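Here the structure comes first, spelled out in structure tokens, and everything after it is commentary.
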2 protein chains.
Amino acid sequence: MSDNPAEKLVTEFENGEDFCCDLPHAHHSDPAKLSQPETLTVEKAQRMSEFLGFLADTNRLRILSMLADKEMCVGDLAIALEMNESAVSHQLRTLRVIRLVSFRKQGRHVFYRLQDHHVLDFYKAIVEHLDEATA
Amino acid sequence: MSDNPAEKLVTEFENGEDFCCDLPHAHHSDPAKLSQPETLTVEKAQRMSEFLGFLADTNRLRILSMLADKEMCVGDLAIALEMNESAVSHQLRTLRVIRLVSFRKQGRHVFYRLQDHHVLDFYKAIVEHLDEATA
DNA sequence: CTAACACATGAACAAGTATTCATATATAGA
DNA sequence: TCTATATATGAATACTTGTTCATGTGTTAG
């Protein structure tokens, strides 16, 4: 919300042809400038893709969707989502590892919930953006 | 690789116990209410995960990061990202298919750019949220 | 104690995917 | 025309990942 990177839109092209492409690949952009400040470093891109990859699963999204509404235990999640309990447990483990959910134990049950409001906000943001994108 | 489960925070009271869990799984939530309005349908979760999956790749993110700044041709992207040209072309193809980028041909070159502002907005939103999330 | 239950976890298998290599198409220049 | 360049694409390979099955751990009830 604070930073506004790469605001410069992509709507300028035309005029083409003569200001470049004369030599066998005489780079169309200044090589020294290939790494702008806004450009993702490899490391950051890796962290981002890793995180998005964790989100990019139908059942994990459905689990998060459930937990966005209220905390639930493993068995009920399995029933509600019509999934194998083991599968749910495995998915919850990965969600736990990346700190998207936390849990509390109560007797034989383990109740899971979204870790914090950031997760909920991000989840909602994705849903909204994707409603537009895939409309 | 970060194998550091969030196993803390678990410190919750133990009391409870009697207001539920009497029967062998007498669901903790009303079965009739398992599908709330906010709950993702399977179809929507699938579309979302598919879309997120396309984004969940280090090199695709780096390509988008580049194109967020300005349009670029395949060869320059390959050089800037130190990737095989073929790999870049393949990735651009998938980005094209899901309409995240568009292109214009100019002589032997093909210049790619982000498809529209939604893509840029979404990309920025992710970067911001992940800055918080992975900070 | 013993049995039933709730959940976790490791291993194995299946399905998906990114990269590379070889090749194809298309354009520009000689 | 022929050659070099720029990009695209199919196939093969290697890698990742989600699910299932079997089993292990911990808890409650009888």
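Once backbone amide H atoms are built at 1.01 Å from N, B:Gln106 has B:Phe111 as its partners under 5 Å, excluding neighbours fewer than 5 places away on the same chain. Loop-resident GluC sites (Glu not before Pro) (DSSP state other than H, G, I, E or B) in region A:52-87 with no more than 14 further Cβ atoms inside 10 Å of their Cβ: A:Glu82. Over 29 Å between Cα atoms, which of A:Lys105/B:Lys124; A:Lys44/B:Lys105; A:Lys44/A:Lys124 qualify? Result: A:Lys105/B:Lys124; A:Lys44/B:Lys105 exceed 29 Å. In loop segments of region A:66-135 as defined by DSSP, the trypsin sites (Lys or Arg not before Pro) with at most 15 further C-beta atoms inside 10 Å of their C-beta are A:Lys70, A:Arg108.
Accessible surface buried at the A:B interface totals approximately 6600 Å², computed with a 1.4 Å probe on protein heavy atoms. Of the solvent-accessible surface of region A:58-133, computed with a 1.4 Å probe over protein heavy atoms with every protein chain present, carbon and sulfur atoms account for 46 percent.
The values are calculated or read from the model by the stated rules, or taken from the named source; none is laboratory data. Remember, predicted model here, so these are calculated numbers, not experimental data. In this analysis, Cβ positions are derived from the backbone assuming ideal geometry, glycine residues included, and neighbour counts consider all displayed protein chains. The area values use the complete protein model at the heavy-atom level, side chains included, leaving out ligands, DNA and RNA. Shrake-Rupley method; radii C 1.70, N 1.55, O 1.52, S 1.80 Å.
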